[in-house]
1. For the residue pair B:A382 and B:Q345, what label-to-label distance in nm results when each label sits 7 Å from Cα along the Cα-to-beta-carbon direction?
2. Out of A:S343, A:S49, A:S31, any idea which swings most in a Gaussian network model of chain A, alpha carbons joined below 10 Å?
3. Taking the Cα centre of region B:108-249 as the origin, how large is its charge dipole in debye, to the nearest 20, when only Lys and Arg (+1) and Asp and Glu (-1) carry charge on their Cβ atoms?
4. Over the Cα atoms of chain A, what is the Rg over Rh ratio if Rh follows Kirkwood?
5. With an 8 Å cut-off on Cα pairs and a minimum separation of 6 or more residues, tell me the relative contact order of chain A in percent.
6. Roughly how crowded by other chains is peptide B:375-382, in terms of the mean Cβ count from those chains within 10 Å of each of its Cβ atoms?
7. For a quick check, take a GNM of chain A with Cα springs below 10 Å and name the residue from A:L81, A:L203, A:L145 with the largest mean-square fluctuation.
8. I'd like the FRET efficiency for B:T492 and B:K131, computed as 1/(1 + (r/R0)^6) with the beta carbon distance as r and R0 of 22 Å, rounded to 0.05.
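Bear in mind that the values in this text are calculations on the coordinates, not laboratory data. Remember, predicted model here, so these are calculated numbers, not experimental data. FYI the Cβ positions are ideal-geometry reconstructions off the backbone, even for glycines, and counts take in every protein chain you see.
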Amino acid sequence: MTFQAFIKKLVASLKKAVSSSAFTNTFFAISSGVLVGFVIMLLTASSLSNAVNGLFRLLTGGFQSPSMLGNVLFSAAPLILVGLSVAFAFKTGLFNIGASGQFMIGGIFALYVANLVSLPPVIHFIVAALAAIVGGAIWGFIPGLLKVRYNVNEVITCIMLNYVAAYTSVMAVENPAVYDRGITAISIDYPTAEIPRLGLNQLFPGSYIDMSILIAIAVAILIWFILKKTTLGYQLKAVGFSKDASKYAGIPVSRNMILSMMIAGGLAGLAAAMNYLPANPDYFRSFSQINPIGFEGISIALIAQSHPIGIIFSGIFISFIKKGALLMQFFGFNKEITSIIMSVIIYMISISAFVGQFIKKRKLMKKQKSKLIDQRGDANV
Amino acid sequence: MNYAIEMINITKTFGTLIANDNITFQVKPGEIHAILGENGAGKSTLMSILFGLYTADSGTILINGQEVKIKNPNDANRYKIGMVHQHFKLVDVFSVIDNILLGAETTKHGFMQNDVPRKAIEELSIRYALKVDLDSYIKDISVGMQQRVEILKMLYRNADILIFDEPTAVLTPQEIEGLFKVIKAFAAEGKSIIIITHKLNEIKAIAQRCTVLRKGKHVATVDVSNTSVERLAELMVGRDVSFEVEKSKANPKEVVLEVKNLNLQNKDRTKMILKNVNFQVKAGEIVCIAGIEGNGQTQLINLITGLDKLHDLNSHITLNGADITNVSIRKRFELGMSHIPEDRQKYGLILDYTLSENMISNTYYFDKFQKNGLLKFEAISAYTNQLIEQYDIRSSMGEYTKTRSMSGGNQQKAIIARETSREHHLLIAAQPTRGLDVGAIEYVHKTIVAQRDLNHAILVVSLELDEVMTISDRILVMYEGEIVGEFDPLKTTVEEIGLYMSGSKRMELSTDDIPSIH
């Protein structure tokens with residue numbers, strides 16, 4: 001294929017994607033979310049111009065400098081992976097509300113391997129990331145097993161395991177060899193386990209960026225490939241669509257459900273590795289609070305309607321809005337207000353995805369009805 | 001001429017589907033009027049509009065010449081319209097009398113006063129010979145009695161217009177006869193009766209006029225007495241239909257499926273669902289299991305196909321000599337079992353998958369369709385298109401059609417295509433024509449006979465006696481979890497089988513300790 005042909009094909013497929021209903025829905029969802037967010041800004045801002053400035057900052061903050069953009073991409077990586085975790089379980093008919101717990105356990109596994117094992121650079125990172133995947137997968141395995149063996153609803157198990165994970169992290173992270181709690185609130189150095197930066201920090205100077213975003217994108221494509229092209233994906237989706245029909249067809253339903261939860265857990269675990277292993281990581285929350293990233297993952301999966309490729313974009317979008325919200329503080333919006341605005345936007349986006357579909361359906365019905373009346377008119381003539 | 005009911009130019013759409021398209025329908029007082037049509041022809045929708053479950057998009061309804069608006073079933077009750085639904089609307093854990101009174105209770109200071117209504121119901125019950133036990137719970141009584149409860153419910157509300165939706169689907173031939181007597185008595189009193197059905201013989205037996213619907217449109221209203229069954233079928237389907245399946249004599253060979261001492265208890269171990277079931281199916285024969293719904297046929301098929309697990313240690317199922325009592329469903333398929341399930345939408349198809357994805361649902365892991373875990377889309381597509389061609393499966397987008405959007409008949413064709421074109425020795429078909437129209441039934445029957453002629457063993461479960469008589473080479477009758485009779489279809493009658501189905505007769509089939517009634 002020549003380069004030109006490739007570009008032509010790319011443009012055509014982009015056109016198709018933009019004109020598709022999923023895109024319209026998402027667009028409608030995001031704009032309505034921002035609109036409601038703006039109404040709240042108007043209510044809380046000191047003046048109209050202040051609110052407009054705030055909105056402007058919210059929507060452009062992520063672009064304002066290369067370092068900002070780098071940071072948007074940097075914090076998008078774990079969000080994308082958690083979104084994939086939720087979406088993957090969705091595809092198998094399971095609701096993984098336990099991504100937070102899987103993320104925390106994955107984080108503990110990653111931190112322990114990073115701090116207590118000594119290996120050469122890069123290899124150390126790979127081993128730590130694999131450990132995080134294993135940790136998350138174990139945390140996903142438990143609700144999966146309980147679901148198929150004892151018919152316990154995975155939502156309940158996941159919520160409870162979130163608490164178990166939170167308190168387990170409190171206990172585990174207090175180990176002074178792992179976490180330097182008292183002084184800096186930033187985890188101690190483990191340079192060999194750091195995520196390689198691949199020179200991306202030169203592209204976005206001054207930012208935290210490393211190859212985690214590339215890993216997240218590659219994993220999203222891998223998940224898309226698995227779901228679309230492999231027998232594994234075929235089975236998982238079949239079980240998700242209909243357990244009875246899958247059972248009838250001889251597809252091992254229980255095994256696939258457990259496997260799906262394990263893969264979902266593993267993805268959340270990998271997200272934790274992306275979150276805790278960079279050179280400048282977020283500090284590990286060593287208090288008994290559930291990390292909210294799992295719930296953000298649900299929004300991300302919803303916005304993208306569980307499409308793995310779409311999740312790359314919705315993950316970056318959420319990261320972008322979060323950074324923009326942070327910058328709004330310079331315009332006198334305090335931290336709480338910005339988090340309310342951000343939550344409202346995410347919330348609106350999540351519900352308008354449904355509203356958009358509803359409106360589309362109504363339109364189609366009307367169209368059909370008028371067509372019917374037209375036909376009748378013709379017949380009478 | 002005065003009509004009791006007139007529905008004029010009724011149109012009703014659901015989304016993009018036109019369920020009723022400008023239908024006009026009139027019933028005289030004292031008339032038994034049948035509504036005939038295939039599935040999806042709009043019969044039930046039309047009656048639901050009359051009963052107030054749906055409101056029409058356009059059109060008018062006149063009761064005894066007065067224009068009325070029926071917005072809900074309470075309105076319908078006020079205009080003395082009663083309906084017996086195909087699936088009864090009864091509260092299982094309430095007694096019969098409570099169900100009859102539900103919504104029309106006689107109360108004093110907020111307390112139920114059941115003495116007066118009880119008398120009234122008893123009188124109705126005697127007058128129309130509708131025998132019910134007022135104090136039993138619905139869950140404990142037979143389907144036939146449940147239907148009588150529904151009828152009493154209408155009568156207690158003084159209904160003059162009675163709608164029956166597929167009233168004979170769950171009854172034995174004897175019960176059907178009883179029902180028809182009652183219906184005729186109602187008509188003689190001047191009540192107007194509407195019967196929704198797709199059974200032509202019943203229309204001939206009971207109705208005076210018949211309105212035929214096809215694809216939401218009114219086709220004709222005919223006098224039943226001077227219209228032949230063939231003509232009715234033609235009006236309903238829109239083309240000629242043959243009722244007889246051409247079939248040579250069976251030539252049974254080696255045993256393919258053998259069921260030995262099959263026993264099954266219900267969940268709380270209080271009742272036997274299957275009692276000591278023994279039978280064989282040989283290559284090249286069609287064995288039909290006849291019986292009324294709920295006598296253990298579903299459980300029997302579930303055990304044979306592996307959908308349910310068997311716990312009884314003395315029970316054995318063998319396929320081609322291999323013991324399959326406790327092997328996985330996939331293993332059973334690999335050993336040569338094919339299964340057309342009773343519930344095609346629950347089990348037969350993954351409705352949100354496309355036609356081609358469904359065509360490989362139990363063979364996707366074969367080397368033919370995958371390599372190293374990657375699906376071979378070209379092979380799958382070619383295979384699907386070959387089956388679409390061969391079995392004439394019709395859908396809007398061919399192999400890419402979501403099976404949810406296909407018609408019932410084509411869904412069934414798709415399942416039959418998948419199950420009969422994969423390598424197999426045994427074909428199990430549970431109610432293969434349930435809910436299908438005459439044209440599709442004809443097709444299914446021909447396919448099943450063709451399968452037999454390819455020397456496959458065929459086991460069919462059917463609730464339709466006509467079907468059993470048409471296609472079987474051997475008939476087994478099930479009653480309360482037991483096989484109570486074995487017949488040659490050429491040497492028996494529908495009436496005789498009906499007696500066994502209802503439990504009033506049984507054969508000594510084995511020397512076990514089954515007590516004999518006759």
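1. Going by the 7 Å Cα→Cβ label model, 3.6 nm.
2. With Cα springs under 10 Å in chain A, the top fluctuation among A:S343, A:S49, A:S31 is at A:S49.
3. The dipole magnitude comes to about 260 debye.
4. Radius of gyration over Kirkwood radius for chain A works out to 1.02.
5. Details: 631 pairs, mean separation 126.6, N = 381.
Relative contact order, chain A: 33 percent.
6. On the way: counts 7, 0, 2, 0, 0, 1, 0, 0.
Mean partner shielding for this stretch: 1.
7. So, out of A:L81, A:L203, A:L145, the one fluctuating most is A:L203.
8. After rounding, the FRET efficiency stands at 0.15.
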